[in-house]
Amino acid sequence: MKTFMQAKFVVSAEKLSQCPDFQLCEYPLLGRSNVGKSSFINALANNKKLAKTSNTPGKTRLINFFNFSDKFVIADLPGYGYAKVSKEAQNRWQKYLEEYLLKRTQIKSLVQLIDGRHEIQKNDFQMREWVEAYNLPIFTVVTKIDYVPKPKIQSVIKKVEKEFGGEVYPFSSVNTRYNEVILNKLLDI
């Protein structure tokens, strides 16, 4: 298997009623702003310009859909935890995202991205509690693992496994050796 797949941007949507009508498995990406959701998409697609990346947190404001070789769809969601927008806009996003996550029938599993360079943040725990309260399927990807010293990688993964349970996968947008395992996971669900 290749360590990446052909992918293309399909459409952006603000709310559930605007989402495209796919019959493919869909995987929404949950994560703090700047956790590496766009870099995750770009690395799996081997296309650095597919999903827009930014050093400024809170740039993603819509649900962005990416079709991977007509095998599955990844939905890039706005990051939680930081955005320079009004409280009213944040509340609207939250309402739209909850509706999307709870009612979108194409979703096969949520993917929560955690930054491997830092301790798990309070809003990561809050997101996980919300997901578990609704008993939604989820697995975890630890991003930016290339920034973690090699001797510490396993302890970082083990800590996330201990806190969140379930399956935890390391990931680096720089080192593609992690891609195949993640792609196989997305293809097997």
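Below are the figures for this structure:
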quantity	calculated
Flag if Glu167 is out of contact with any helix residue (DSSP H, G or I) (no Cβ under 6 Å at 6 or more places or on another chain) and either of a type in the set (D, E, K, R) or closer than 20 Å to Ile74 by Cβ (or both)	yes
Residues of segment 3-42 classified as part of a loop (DSSP other than H, G, I, E, B) and free of Cβ contacts under 8 Å to residues at least 24 places away in the same chain, total	1
Subset of segment 3-19 (residues that are within 26 Å of Glu132 (Cα to Cα) and in contact with a strand residue (DSSP E or B) (Cβ under 7 Å, 6 or more places away or on another chain))	Ala13, Cys19
Residue satisfying condition, being surrounded by 15 or more Cβ atoms within 10 Å (Cβ to Cβ), on the phi < 0 side of the Ramachandran plot and not small (Gly, Ala, Ser), within set Tyr169, Tyr134, Tyr147	Tyr169
Test result for Ser86, more than 23 Å from Ser38 (Cβ to Cβ), at pLDDT below 95 and exposed (fewer than 13 other Cβ atoms within 10 Å of the Cβ)	yes
Residue satisfying condition, being surrounded by fewer than 19 Cβ atoms within 10 Å (Cβ to Cβ) and hydrophobic (A, V, I, L, M, F, W, C), within set Phe125, Phe164	Phe125
Qualifying residues in segment 142-180 (those that are part of a loop (DSSP other than H, G, I, E, B) and small (Gly, Ala, Ser)) - the one nearest to Ile107 (Cα to Cα)	Gly166
Any hit, segment 125-141, residues being among the aliphatic types (A, V, I, L, M), over 13 Å from the mean Cα position of the chain (by Cα) and part of a helix (DSSP H, G or I)	yes
Test set (1) touching a residue at least 12 places away in the same chain (Cβ under 8 Å); (2) under 13 Å from Pro28 (Cβ atoms); (3) surrounded by fewer than 16 Cβ atoms within 10 Å (Cβ to Cβ) - Glu98 fails condition number	(1)
Matching residues, segment 131-162, being hydrophobic (A, V, I, L, M, F, W, C) and under 16 Å from His118 (Cα atoms)	Val141, Val142, Ile145, Val148, Ile153, Val156, Ile157, Val160
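The values are calculated or read from the model by the stated rules, or taken from the named source; none is laboratory data. Every value quoted in this text rests on a predicted model; they were computed, and no experiment measured them. Backbone-built Cβ (ideal geometry, glycine too); neighbour counts: all protein chains shown.
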